[in-house]
Amino acid sequence: MERIYAAGYSNGGMMAYGLANYKSDLIAAVASVSGAMLNCIGNTSHPMPVIHLHGTSDSVIPYNGGNGWSSAQSTLDHWINFNNTTTNPIISTENSGGKTIEHYVYDQGDSSVSVEHYKYIGGDHIWVNATFQGQNTSELVWNFVSQFDINGKR
């Protein structure tokens with residue numbers, strides 16, 4: 001029971017963040033693709049590794065917030081602050097599928113957790129079909145969350 005992960009797309013990403021906040025005693029890490037964190041900040045019981053993937057041209061859940069949604073950066077900032085990670089990310093960039101992908105890594109958090117963000121420049125509200133360093137979205141999510149258990153980095 002130390003390696004339960006919550007991952008989802010759109011509303012599923014919102015659910016993953018809700019679980020991170022309200023069921024953190026069960027959840028080791030979360031992933032959100034094209035989702036937003038709602039105003040559901042609970043009593044998270046341990047550092048929470050987070051990976052967030054989002055397109056900048058998402059018209060359903062806007063990258064910069066709006067229509068009642070929080071911005072991708074405000075969601076990231078919440079977890080960066082909560083986890084006490086570095087505030088100056090390591091940034092790498094790659095072109096894939098006709099899109100530029102920026103990868104931000106905020107590491108060295110409590111229990112060695114990190115917050116990672118894949119920013120798909122011009123990406124829509126989709127489960128992203130581009131690759132980064134040869135990994136598709138599903139592989140990026142799994143390769144991130146599987147590094148952690150309920151106690152932090154494995």
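Filter the strands (runs of 3 or more DSSP E) completely within the stretch 1-69 down to those with at least 1 residues that are of a type in the set (Ser, Thr, Tyr). Quick ask: steps written out before the conclusion?
Details: elements: 5-9, 29-33, 50-55.
Ranges flagged: 5-9, 29-33.
Residue 111: modelled with pLDDT of 95 or more, surrounded by 16 or more Cβ atoms within 10 Å (Cβ to Cβ) and not in a strand (DSSP E or B), yes or no? Outline the logic, then answer.
On the way: modelled with pLDDT of 95 or more: yes; surrounded by 16 or more Cβ atoms within 10 Å (Cβ to Cβ): yes; not in a strand (DSSP E or B): yes.
Yes.
Is at least one residue of the stretch 80-87 closer than 19 Å to residue 141 by Cβ, in contact with a Gly (Cβ under 7 Å, 6 or more places away or on another chain) and without any contact (Cβ under 8 Å) to a residue 40 or more places away in the chain?
Yes, the stretch 80-87 has at least one match.
So residue 10 passes all but one of these: (1) out of contact with any Gly (no Cβ under 6 Å at 6 or more places or on another chain); (2) surrounded by fewer than 19 Cβ atoms within 10 Å (Cβ to Cβ). Which condition number does it fail?
(1)
Could you run through the stretch 137-154 and say how many residues are more than 15 Å from the chain's Cα centre (by Cα) and either at pLDDT below 95 or among the hydroxyl-bearing types (Ser, Thr, Tyr) (or both)? Let's see the steps before the verdict.
Restricting attention to the stretch 137-154, the residues satisfying the condition of being more than 15 Å from the chain's Cα centre (by Cα) are 149-154.
Then drop every residue that is not either at pLDDT below 95 or among the hydroxyl-bearing types (Ser, Thr, Tyr) (or both), which leaves 154.
Result for the stretch 137-154: 1.
For the stretch 98-108, name all the residues that are at pLDDT below 95 and either loosely packed, with under 13 Cβ neighbours inside 10 Å or of a type in the set (Val, Ile, Thr) (or both). Break it down into steps so the answer makes sense when it comes.
First pass over the stretch 98-108, keeping only residues at pLDDT below 95: 98-99.
If the condition is that a residue be at pLDDT below 95 and either loosely packed, with under 13 Cβ neighbours inside 10 Å or of a type in the set (Val, Ile, Thr) (or both), then 98 is the only one that fits.
Which ones in the stretch 32-74 are touching a Ser or Thr at 6+ places or on another chain (Cβ under 8 Å), at pLDDT 95 or above, small (Gly, Ala, Ser) and surrounded by fewer than 24 Cβ atoms within 10 Å (Cβ to Cβ)?
65
So is residue 93 over 23 Å from residue 138 (Cβ atoms) and either free of Cβ contacts under 8 Å to residues at least 40 places away in the same chain or in contact with a Phe, Trp or Tyr (Cβ under 6 Å, 6 or more places away or on another chain) (or both) or not? Give the steps one after another, and end with the answer.
On the way: over 23 Å from residue 138 (Cβ atoms): no; either free of Cβ contacts under 8 Å to residues at least 40 places away in the same chain or in contact with a Phe, Trp or Tyr (Cβ under 6 Å, 6 or more places away or on another chain) (or both): yes.
No; evaluated as a whole, the condition is false for this residue.
The values are calculated or read from the model by the stated rules, or taken from the named source; none is laboratory data. Nothing here was measured: the structure is a model prediction, and the numbers come from that model. Here the Cβ is made from the backbone with ideal geometry for all residues, glycine too, and neighbour counts use every protein chain on show.
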